[in-house]
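Derivation of every value follows stated rules applied to the coordinates shown; laboratory data play no part. Values in this document were obtained by computation on a predicted structure and should not be read as measured data.
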Amino acid sequence: MVHMVALETPRPRRELSDSRMETSFRFATLDDVERLLPLMQDFYAFEQLDYDEVRQRRLVAELIADQTLGRLILFEQSYELVGYMVLGFGFARILRSRLPAR
């Protein structure tokens with residue numbers, strides 16, 4: 001099951017003179033964790049979930065380091081992080097645990 005949520009955050013938007021922005025995506029690395037956490041915090045607030053930054057940092061690092069858990073995909077525009085997607089292979093980030101094998 002895939003859940004998609006569109007968020008409008010209070011973060012300031014840049015005005016660009018060229019409306020043809022190119023969005024790129026790539027797999028996250030451990031170097032991306034600090035940039036990613038504020039977006040995740042926004043998502044948790046929108047969904048009214050408890051957010052524990054220490055725990056989230058650990059879980060994100062675990063997901064990035066262990067590709068058997070899934071992939072964390074980042075979306076960027078002009079090198080600015082504008083979104084992310086978690087593709088989990090039996091790992092429920094929201095539930096904060098592995099799903100049982102069937």
Extension gain from Y44 to Q67, taking 0.36 nm per residue of separation minus the Cα-Cα distance: 5.9 nm
Relative contact order of the range 23-96, pairs being alpha-carbon contacts under 8 Å that are 6 or more residues apart, as %: 35 percent
